[in-house]
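Step one of this worksheet: look at the structure below.
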Amino acid sequence: MSDRTEEQAEHLMRSAKASMAIEGFSLNRKQESLVKKCLTGAISHKEFIKRALELSRHA
């Protein structure tokens, strides 16, 4: 997966959040921030999975 700009990440997030809302789901700020970090390449996919699991354990 290639790194994306902040603008591209925002566009992808808006689309994903709209789809999630239709299904009755949403992201909190920490979750959204984590996804954006992965989309922009600030963290690896492996690190994303690790942090996502941590977030889910502390939810």
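I need the full set of residues from the stretch 36-56 which are modelled with pLDDT of 95 or more, assigned to a helix (DSSP H, G or I), of a type in the set (A, V, I, L, M) and open to solvent by less than 50 Å² (accessible area, probe 1.4 Å), in order please.
Scanning the stretch 36-56 gives a single hit, Ala52.
Mind listing whichever residues of the stretch 3-33 are open to solvent by 80 Å² or more (accessible area, probe 1.4 Å), touching a residue at least 12 places away in the same chain (Cβ under 8 Å) and part of a loop (DSSP other than H, G, I, E, B)?
Listed by number, the list holds a single entry, Asp3.
Per-residue answers, yes or no, for (1) over 21 Å from Ala59 (Cα atoms); (2) hydrophobic (A, V, I, L, M, F, W, C):
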{"site": "Asp3", "(1), (2)": "yes, no"}
{"site": "Ala9", "(1), (2)": "yes, yes"}
{"site": "Ser15", "(1), (2)": "yes, no"}
{"site": "Ser19", "(1), (2)": "yes, no"}
{"site": "Arg29", "(1), (2)": "no, no"}
{"site": "Cys38", "(1), (2)": "no, yes"}
{"site": "Lys46", "(1), (2)": "no, no"}
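The values are calculated or read from the model by the stated rules, or taken from the named source; none is laboratory data. This is a predicted model, so every value here is computed, not measured. Glycine gets a Cβ as well: all are built from the backbone with ideal geometry, and neighbour counts include every protein chain shown. Each accessible area value is taken on the protein alone, full model and side chains, heavy atoms only, with ligands, DNA and RNA left out. Shrake-Rupley method; radii C 1.70, N 1.55, O 1.52, S 1.80 Å.
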